[in-house]
Structures are given as C-alpha cells and as structure tokens.
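The values are calculated or read from the model by the stated rules, or taken from the named source; none is laboratory data. The structure displayed is predicted, hence computed values, not measured ones. Backbone-built Cβ (ideal geometry, glycine too); neighbour counts: all protein chains shown. Calculation scope for accessible area: heavy atoms of the full protein, side chains included, ligands and nucleic acids excluded. Shrake-Rupley method; radii C 1.70, N 1.55, O 1.52, S 1.80 Å.
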Amino acid sequence: MGHNRLIESGTDPPIWVEKQGVKLGAVPVLLTLVAGLGLFSANPLESAWSMLLLWLILKWFWWQNHPPLLVYATVLPWLEIHTTVLEANIYGLTLDELFLDTGRQTFWMASGGLLMVMTGLRFALRSWRRNFTFKLDFLREEADKINQIRLLAVFFSMRFFSGIVREFLGSGALRQLSTYFDQIGEVLALCVFLHFFITRKRSLLFYAFFLFELVGSFYSYFGSWRIPLFLLFLTALWKTQVVTRRALIRLLPAAAIVGTLLFIWQSIKVEYRAFLSGETRDQIITVGQTEALSKFFELSVASFSAQGERLESVRQSTLRRVGYLEYYAAAVAKVPETIPFERGELLKESLNFALVPRILNPHKGIKSDRKKVERYTDFNFGGERNKASFSLGHYCEAYIDWGPFGSLVQLFLFGIIGGYLYHITTKRYDGFHPFIMIGLLWIILFPWATMQQDAVTVIGKTTWGAICHLWLFKPLYSRIQTFIQS
C-alpha cells in the first residue's frame with residue numbers, strides 16, 4: 001500500500017489531497033481568497049502572484065514521494081521574499097515606496113529567482129529519480145526497528161562528545177570540523193522527533209526531551225531556538241498526507257507559540273546578545289547557561305509590558321527580519337548605476353573563500369558581510385566593532401554579478417545543485433535506516449534552503465557539510481545505526 005491511500009474514515013473533508021500526482025481540494029480556493037483580498041491592497045499584482053507561487057510550491061513538492069523537507073526548503077525562501085509584500089500592504093505602501101523606488105523590481109527579480117530555483121530542483125529530482133520511498137507505511141515498519149531509549153542515549157552521548165571534540169580542535173584551522181560534528185546531534189534529534197510522531201511511544205518522555213531542547217536552545221547568540229521548532233513542525237507534518245480543517249486548527253497553538261517566540265526574540269535580542277557577550281558584541285558567549293537563561297526569561301517577561309510605540313517598532317522589525325529584500329533593493333539602486341555588474345567576480349571570490357581551506361591559504365583574511373553590504377548599498381553600519389548579523393544574500397549577489405536575467409540562470413543551476421544534494425545523500429546512505437537518511441537530508445539541505453545568506457556561507461556550509469556527513473562521518477553513522485537498532 002502506497003501513499004495514494006490518504007483518506008481515512010471519520011476524517012474531515014480534505015483541504016488538499018495528493019494522489020497520483022496532485023489533486024487540490026479547497027487549498028486553491030483558500031489561496032485565491034487571500035489573493036482576492038490582496039487585489040484591494042497597495043500591491044495587488046504582487047499579492048496575487050505570492051499566493052500563486054505558494055500554491056505552486058505545495059503542488060510540486062508536497063508528498064511527491066519526498067519528505068516534507070522539500071516543502072520547508074522552498075517555503076523558507078518564499079517567506080524571506082514575500083513577507084515584504086505583507087509589510088507593505090499593512091502600512092498601505094507600494095513596494096517602491098517601501099524600498100527606494102526599486103522595491104517592485106527587486107521583488108519580481110527575487111520571486112522569479114525562487115521560481116527558477118524550484119524549477120531547477122524539480123528538474124534535478126525528476127532526472128535523478130531513485131527507487132527509494134519515504135511512504136508512511138514503510139516508515140511505520142522501520143520505526144519499530146529502533147529502540148527509543150537507545151536513540152535518546154546516543155543523542156546525549158554525541159552531545160557530550162561534541163564538547164570534547166570542540167575543546168580538542170580549539171580555534172585553529174580545523175575548528176569548523178567541530179561545527180559539523182555538532183550537527184550529528186541534530187541528525188539524531190530529528191530521528192527522535194520522527195520516531196515519536198510515527199509511533200507515539202512515551203509521550204511524556206518525548207515532550208520532556210522537546211522542552212529540554214527548546215529551553216537549552218535559548219542559550220545561543222543567534223537564536224537557535226528555531227531549530228527544535230522547525231523539527232517539531234517537519235516531523236508532525238509527516239503523517240499529514242491529508243490536511244483537514246481539524247488538523248489546521250490543531251496547528252494554531254503551535255503557530256501561536258512560534259509567533260510569540262519570534263516577537264520575544266525581536267524584542268530582546270539586542271539586550272540579550274549584549275549580555276551574552278559581556279557588552280563586547282563579539283558574537284561570543286561569556287556567561288554561564290544558568291545566568292544566560294535567567295536573563296532571557298527576565299527580558300522576555302519585560303517585553304510583554306512594552307508600550308504601544310515599542311510594540312509597533314518590534315512588529316515592524318519582525319516583518320523586516322523575516323522578509324529580506326531591503327539590502328537587495330538598495331543594491332539594485334546602486335548597481336549598475338554607480339557600480340557596474342561584476343561579471344562573475346563575486347561568485348569567483350565566494351568560491352575561493354568558501355572552498356580553499358585556511359590551512360592552504362592562511363592569508364585569505366576574515367569574512368566581512370558588513371563591508372560587502374556597505375560597498376554595494378548606501379548603508380553604513382559604523383565601525384569595525386559592529387558585529388550585526390546581515391548579508392546581501394546570494395540572490396542579490398547573483399544580480400550584482402550578472403544582472404536580472406543572468407542571475408536567473410545562476411539560480412536555476414542552484415536549484416539543480418539542491419536536487420543533486422538530495423540524490424547523492426540518498427545514494428550514499430542507501431541501505432541505512434530511513435530515519436538517519438532523513439536526518440542527513442535535513443542537515444545537508446538546511447544551509448542550501450535560504451535566499452538571505454551570502455554565497456560564501458551557503459557554498460561553504462553546503463560543501464563542507466556534505467563532505468563531512470556523506471563521507472567523513474559515515475562510519476560513525478553506521479555504528480550509531482547498529483546501536484539504536486539493537
């Protein structure tokens with residue numbers, strides 16, 4: 001029995017059913033309704049197109065015999081681009097009024113770029129189609145082969161050993177290896193989440209584990225609390241082959257939690273990061289976990305008593321942070337009018353910086369996103385001590401290199417690379433437990449699935465992460481598999 005048997009007796013009428021391709025029920029109606037409301041906004045065409053592209057993402061990647069990871073990998077950049085339309089509509093502004101008279105052009109280039117990434121990804125998946133299934137019945141059978149207690153034990157053991165590896169490698173040329181070794185824990189965490197949502201074994205133990213991970217993730221400079229929430233959504237969606245109205249209602253509390261945490265983070269992150277770094281703003285943590293978490297909750301409580309003006313500022317900054325077209329629009333205003341297109345120089349520099357190890361090129365310098373943003377836009381962030389986390393984003397860099405149409409070609413190839421990563425991961429780990437393979441797909445595709453990271457970050461994390469997890473760590477994953485199935 002495959003994933004074509006989707007409707008069970010007693011369920012609500014399906015909002016969306018995928019069966020031998022895709023059959024869409026009420027989802028197009030709902031998206032059409034939202035698009036229709038957008039026609040009365042300041043950006044009618046962009047609002048309608050945003051809903052159409054979201055429908056296309058779901059049609060192409062939801063349960064096409066692939067895990068929901070591909071929905072995540074395309075919905076995330078969709079949010080990064082199209083939240084800008086929501087922001088503009090809320091304030092009754094056109095995109096050009098929101099961003100330097102270049103907002104509309106930037107939106108269409110970015111949204112078209114995402115469409116090209118999706119097209120390249122779909123083309124690659126169809127070209128390298130393999131006979132590996134993630135169908136639910138198969139996963140249920142495989143879940144019974146895993147010992148949940150052993151899985152949790154090996155997860156915490158890997159967390160412990162990650163600390164030892166980090167101390168051993170120190171801050172030298174091999175320090176990045178410890179970052180990828182840490183990710184083994186994230187692969188295992190996804191296995192824990194997936195095992196629970198398929199088997200529903202030991203609910204209290206699982207939710208205690210989830211809360212432990214969520215609370216512990218607040219001890220982070222960059223807000224890693226999003227990771228356990230992402231994993232929760234991805235694995236909870238696994239059995240949702242039919243999205244009913246009841247299922248959507250059940251998701252509302254989780255969505256409210258995510259929205260609340262995002263609001264809190266935007267409210268407190270400046271003060272919290274300053275506290276973590278000891279006021280140095282060097283993107284390091286100088287305080288203990290207990291002290292940091294105490295400060296986090298203190299600031300969180302204070303954020304709820306903020307005045308109306310502060311709340312409006314947080315709302316605006318949240319929309320601007322989720323949507324990520326501001327620097328792109330500023331670059332469009334400056335390139336090529338002031339600075340000519342780079343004709344591939346940015347990509348060349350990014351490949352060199354990301355792929356040549358520092359041990360072979362110790363003089364390649366320090367990566368500075370701030371300098372790149374300041375060069376190609378009119379933003380100025382102050383002195384060298386400003387360590388704010390921002391970048392042009394690799395979609396924008398493709399535009400700076402090749403212009404509007406050339407960037408689409410680069411992004412189409414970028415989509416093919418995503419499909420190849422999917423293919424090579426399932427090929428390398430053919431014969432492994434599917435939970436481990438799914439965890440590896442998550443960790444390898446995660447840095448690929450964004451538009452706001454710069455090319456150096458995307459290329460570096462994707463390439464070296466794939467090398468580590470697909471080759472270097474494979475014997476370790478083999479031993480882990482043996483242990484958790486015993």
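What the table below lists for this structure:
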item	result
Test result for residue 427, under 30 Å from residue 484 (Cα atoms), out of contact with any helix residue (DSSP H, G or I) (no Cβ under 8 Å at 6 or more places or on another chain) and either in contact (Cβ under 8 Å) with a residue 12 or more places away in the chain or exposed (fewer than 14 other Cβ atoms within 10 Å of the Cβ) (or both)	yes
Any chance residue 57 is surrounded by fewer than 16 Cβ atoms within 10 Å (Cβ to Cβ) and touching a residue at least 12 places away in the same chain (Cβ under 8 Å)	no
Among the candidates 413, 421, residue that is open to solvent by 60 Å² or more (accessible area, probe 1.4 Å) and among the aliphatic types (A, V, I, L, M)	413
Residue within the range 121-135 that is modelled with pLDDT of 85 or more, closer than 29 Å to residue 452 by Cβ, surrounded by fewer than 14 Cβ atoms within 10 Å (Cβ to Cβ) and among the hydroxyl-bearing types (Ser, Thr, Tyr) present	yes
Members of the range 247-269 found to be more than 21 Å from the chain's Cα centre (by Cα) and at pLDDT 80 or above, listed by number	267, 268
All helices (runs of 4 or more DSSP H) inside the range 54-156 with 3 or more residues being of a type in the set (A, V, I, L, M, F, W, C) and farther than 28 Å from residue 432 by Cα	69-90, 103-127
Hits in the range 147-175 - residues which are touching a Gly at 6+ places or on another chain (Cβ under 8 Å) and either open to solvent by 10 Å² or more (accessible area, probe 1.4 Å) or over 25 Å from residue 237 (Cα atoms) (or both)	158, 159, 162
Of all residues in the range 62-87 being surrounded by fewer than 22 Cβ atoms within 10 Å (Cβ to Cβ) and of a type in the set (Val, Ile, Thr), the one that is modelled with the lowest pLDDT	71
Hey, residue 320 modelled with pLDDT under 90, open to solvent by less than 50 Å² (accessible area, probe 1.4 Å) and basic (Lys, Arg) or not	no
Selection within the range 439-450 - part of a helix (DSSP H, G or I) and within 23 Å of residue 324 (Cβ to Cβ)	442, 443, 444, 445
Filter result (under 30 Å from residue 179 (Cα atoms), modelled with pLDDT under 75 and open to solvent by less than 20 Å² (accessible area, probe 1.4 Å)) within the range 200-246	223, 238
